[in-house]
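The values are calculated or read from the model by the stated rules, or taken from the named source; none is laboratory data. Computed from a predicted model, the values in this text were never measured in an experiment. Counting neighbours? That spans all protein chains shown, and the Cβs are built from the backbone with ideal geometry, glycine included. Keep in mind that these areas ignore ligands, DNA and RNA; they rest on the heavy atoms of the full protein, side chains included. Shrake-Rupley method; radii C 1.70, N 1.55, O 1.52, S 1.80 Å.
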Amino acid sequence: MGDKQYGIDNDRVRQYAEDIKAVHAQGLEVAIVIGGGNIFRGLSAEKSGMDRAQADYMGMLATVINSMALQDALEKVGLKTRLLTAIKMEQICEPFIRRRAVRHLEKGRVVIFGAGTGNPYFTTDSAAALRAIEIKADVVLKGTRVDGIYTADPEKDASATKFSEISFKEVYAKGLNVMDMTAFTLCEENELPIIVFDMNKPGNFMKIARGEEIGTLVKG
């Protein structure tokens, strides 16, 4: 969305594509899950009276639009990609099949997972955790507007302080909002670390790939 109130900011998408290209060039396998809140947010629609399941399916379709936009940007910078979705849309993407996704990664393609988990009542956070576990990813990188996990919302509380590293148990104990609880629990149970970082700052993705302490690491 960038600085826009709605929709897709092409400059922002190009920045993401360049950041992903730089990391991919290091020989790393990259898989991506995208939300759809810049187009349609299921929870918001439910509050205005829409059926929750219907709203969530609409949100899933919004993630596919974003996935297609990123796929286009990635291919324009020279990367080979595959878009796999949890809802079948044969004309524009492949259905998600775990072994196929892993094979695409092995062949050096950037894989984009669209349409969340394919189920209402689950967020794209849950989709990211689930897909990461299925493809045996080393880490989940949660890109947000802030540069890590804080004691409070740094956009609202100037006294909020940042954690460089925190355990899953500490997040529970302090009541911090990292991901939705389903996604967070999936990561904890499968010993999958999470790094929360500012994805809108060019170069941050590469710094993480190089092992620099960017954002907040959640583990153990």
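Points worth noting:
- Per-region count, region 146-169, residues modelled with pLDDT of 95 or more and out of contact with any strand residue (DSSP E or B) (no Cβ under 8 Å at 6 or more places or on another chain): 1
- Cβ-Cβ distances below 6 Å connect the following pairs, each with a first residue in region 47-69 that is farther than 20 Å from Ile8 by Cα, a second residue that is at pLDDT 95 or above and of a type outside the set (Gly, Ala, Ser), and a separation of six or more residues or different chains: Ala53/Pro120.
- Per the listing Thr144, Thr185, the residue uniquely in contact (Cβ under 8 Å) with a residue 24 or more places away in the chain and surrounded by 13 or more Cβ atoms within 10 Å (Cβ to Cβ) is Thr144.
- Failed item in (1) in contact with a strand residue (DSSP E or B) (Cβ under 6 Å, 6 or more places away or on another chain); (2) of a type in the set (A, V, I, L, M, F, W, C); (3) outside any loop (DSSP other than H, G, I, E, B); (4) farther than 30 Å from Lys21 by Cβ, with Leu105 passing the rest: (4)
- Qualifying residue in region 111-128 (condition: farther than 20 Å from Ile65 by Cβ and either of a type in the set (Gly, Ala, Ser) or surrounded by 15 or more Cβ atoms within 10 Å (Cβ to Cβ) (or both)): no
- Of the helices (runs of 4 or more DSSP H) contained entirely in region 160-220, those carrying at least 3 residues that are farther than 30 Å from Asp11 by Cβ fall at 168-174, 181-189.
- Whichever residue in region 79-93 is open to solvent by less than 40 Å² (accessible area, probe 1.4 Å) and not aliphatic (A, V, I, L, M) and, among such residues, is nearest to the chain's Cα centre (by Cα): Thr85
- Matching option when the condition is more than 20 Å from Thr144 (Cα to Cα) and among the hydrophobic types (A, V, I, L, M, F, W, C), among Ala129, Ala101: Ala101
- Among (1) under 17 Å from Arg145 (Cβ atoms); (2) touching a Lys or Arg at 6+ places or on another chain (Cβ under 9 Å), the one test that Gln5 misses: (2)
- Condition met for Gln71 (under 15 Å from the mean Cα position of the chain (by Cα) and farther than 14 Å from Arg131 by Cβ): yes
- Residue list for region 188-215, restricted to those being over 21 Å from Ile20 (Cβ atoms) and open to solvent by less than 70 Å² (accessible area, probe 1.4 Å): Glu188
- Selection count where residues are open to solvent by less than 50 Å² (accessible area, probe 1.4 Å) and either among the basic types (Lys, Arg) or closer than 23 Å to Gly37 by Cβ (or both), scope region 155-167: 1
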